[in-house]
1. Taking region 21-55 as the region of interest, how many residues are assigned to a loop (DSSP other than H, G, I, E, B) and farther than 20 Å from residue 113 by Cβ?
2. Of all the residues that make up region 81-94, how many are out of contact with any helix residue (DSSP H, G or I) (no Cβ under 8 Å at 6 or more places or on another chain) and buried (at least 20 other Cβ atoms within 10 Å of the Cβ)?
3. Is one or more of the residues making up region 93-102 farther than 20 Å from residue 17 by Cβ and modelled with pLDDT of 90 or more?
4. Which residues, taken from region 95-120, are outside any helix (DSSP H, G or I) and in contact with a helix residue (DSSP H, G or I) (Cβ under 7 Å, 6 or more places away or on another chain)?
5. Going through region 57-80 one residue at a time, which ones are surrounded by fewer than 21 Cβ atoms within 10 Å (Cβ to Cβ), in contact with a strand residue (DSSP E or B) (Cβ under 9 Å, 6 or more places away or on another chain) and not in a loop (DSSP other than H, G, I, E, B)?
6. So how many residues does region 1-52 have that are at positive phi, without any contact (Cβ under 8 Å) to a residue 12 or more places away in the chain and under 16 Å from the mean Cα position of the chain (by Cα)?
């Protein structure tokens, strides 16, 4: 199965996503830090055409626009708008790391939109926003081999 790369314009920001084009059960896959929606690209091969898999490049990742705002609220609002604009409800959320926390938070706030969750390897919950990501190159320099 081949994904099509598509985009949505939300609040003057472009969000990119991969769409498997399947019909039936809708899945929104939310990746972790430092990766993109392509992280879940093999899902449709295993699930088949009775599932529509949307692999969202969350803000600041992949082909989606970079922004000044990386708060939990911003990530959740992006996913919420994608669910509404693509008419995915009721949706199954799959989240890894950052995406797992976002999926939990979205489900807690809007349980009527979600029919299930699969959460993989989430880290500790922090009260801070995620702007620390902007300083990552200084905190984690590349190793010379």
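The values are calculated or read from the model by the stated rules, or taken from the named source; none is laboratory data. Because the structure is a prediction, the values reported are computed rather than measured. Cβ sites come from the backbone with ideal geometry, for glycine too, and all protein chains shown count toward neighbours.
1. Residues in region 21-55 being assigned to a loop (DSSP other than H, G, I, E, B) and farther than 20 Å from residue 113 by Cβ: 11 in total.
2. 1
3. no
4. If the condition is that a residue be outside any helix (DSSP H, G or I) and in contact with a helix residue (DSSP H, G or I) (Cβ under 7 Å, 6 or more places away or on another chain), then 95, 96, 110, 114, 117, 119, 120 are the ones that fit.
5. Across region 57-80, the qualifying residue is only 77.
6. Number of matching residues: 0.
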